[in-house]
1. For residues in the stretch 268-278 being surrounded by 12 or more Cβ atoms within 10 Å (Cβ to Cβ) and modelled with pLDDT under 90, which is farthest from residue 189 (Cα to Cα)?
2. Inside the stretch 246-256, can you point out the residues that are surrounded by fewer than 19 Cβ atoms within 10 Å (Cβ to Cβ) and under 19 Å from residue 134 (Cβ atoms)?
3. Conditions first: (1) free of Cβ contacts under 8 Å to residues at least 60 places away in the same chain; (2) surrounded by 13 or more Cβ atoms within 10 Å (Cβ to Cβ); (3) part of a loop (DSSP other than H, G, I, E, B). Residue 261 passes all but one, so which condition is the exception?
4. Would you confirm whether any residue within the stretch 161-172 is farther than 20 Å from residue 200 by Cβ and at pLDDT 90 or above?
5. Here is a list: 245, 241, 228. Which entry is at pLDDT 95 or above, over 24 Å from residue 111 (Cα atoms) and within 18 Å of the chain's Cα centre (by Cα)?
6. So residue 53 passes all but one of these: (1) touching a helix residue (DSSP H, G or I) at 6+ places or on another chain (Cβ under 6 Å); (2) more than 13 Å from ligand 2 (Cβ to nearest atom); (3) at pLDDT below 85. Which condition number does it fail?
7. Taking residue 224, is it within 15 Å of ligand 3 (Cβ to nearest atom), within 30 Å of residue 320 (Cβ to Cβ) and not assigned by TED's automatic domain parsing to the domain that holds residue 305?
8. Name the single residue that is surrounded by the fewest Cβ atoms within 10 Å (Cβ to Cβ) among those in the stretch 283-307 being at pLDDT below 90 and in a strand (DSSP E or B).
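The values are calculated or read from the model by the stated rules, or taken from the named source; none is laboratory data. Bear in mind that the values here come from a model prediction, so they are computed numbers and not experimental data. Here the Cβ is made from the backbone with ideal geometry for all residues, glycine too, and neighbour counts use every protein chain on show.
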Ligand SMILES: [Ca+2]
Ligand SMILES: [Ca+2]
Ligand SMILES: [Ca+2]
Ligand SMILES: [Ca+2]
């Protein structure tokens, strides 16, 4: 057992050698021993170690503008390191809710709770980085089910994201107890470093089973092109927000890109009377052929964007020749 305590106006942490109820015998990280009144003990905890707790407490205090203000800042102490996200968030420049001081997502690692992919690990503090891969490249504290550093293995985007389009998500779930689990997910469509705007929750208690699952997300037509971030959380019951600590499950944060819509694509094929109306987007040439392998020739008399072809003609296959 370790304690955080106050002594002469400073915060200190150490391990308990003896607990005499009204006072404790403490050994500091430096090896120095000290008798501490029980009334001065602020916190008793099993992990992290006293030295690390103090470093974190001091870093939080300094980040807020001065030493000695630790009590003004949230400091979560867990029995074992939980799983944190890694999307960008900094004390001096708040971003996504990732750090404990910003009520970041955290999952207490209960062994039989659901996971994204196969692997999961716990870390003493979020490995935040701009690419949201910090948790992937930095090994967490070992937990029974993962000894490797690569634990972002649950979610794959099939295809690409474009405003107004759909995208398929392939999600692998590990559910040790069987049955189902729930997934909540968010994409920061307007790229303003939060997942709080309308339409940014893309998965709301989506039910998943052990193994591979698919679901579709809709990209708003207003989605900002370029780089942005997603957060996916799995838990037994779902209904989570991008924030806060929950028992069990896992969080994975990803960076992803929103691309311009394809600008050369057949948009519709409609039979009208004894003709087919074929429409397309982009400066392309529509070709036709009797087989899937051609030979191909330009559809005669076409105008940019759409044209009619006879339904009963020799051409059975069409393709767009894009610039
Ligand atoms: Ca982790
Ligand atoms: Ca995982
Ligand atoms: Ca947003
Ligand atoms: Ca990540």
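1. Per the stated criteria, the residue is 275.
2. 255, 256
3. (1)
4. Taking every residue of the stretch 161-172 in turn, at least one turns out to be farther than 20 Å from residue 200 by Cβ and at pLDDT 90 or above.
5. 228
6. (1)
7. yes
8. 303
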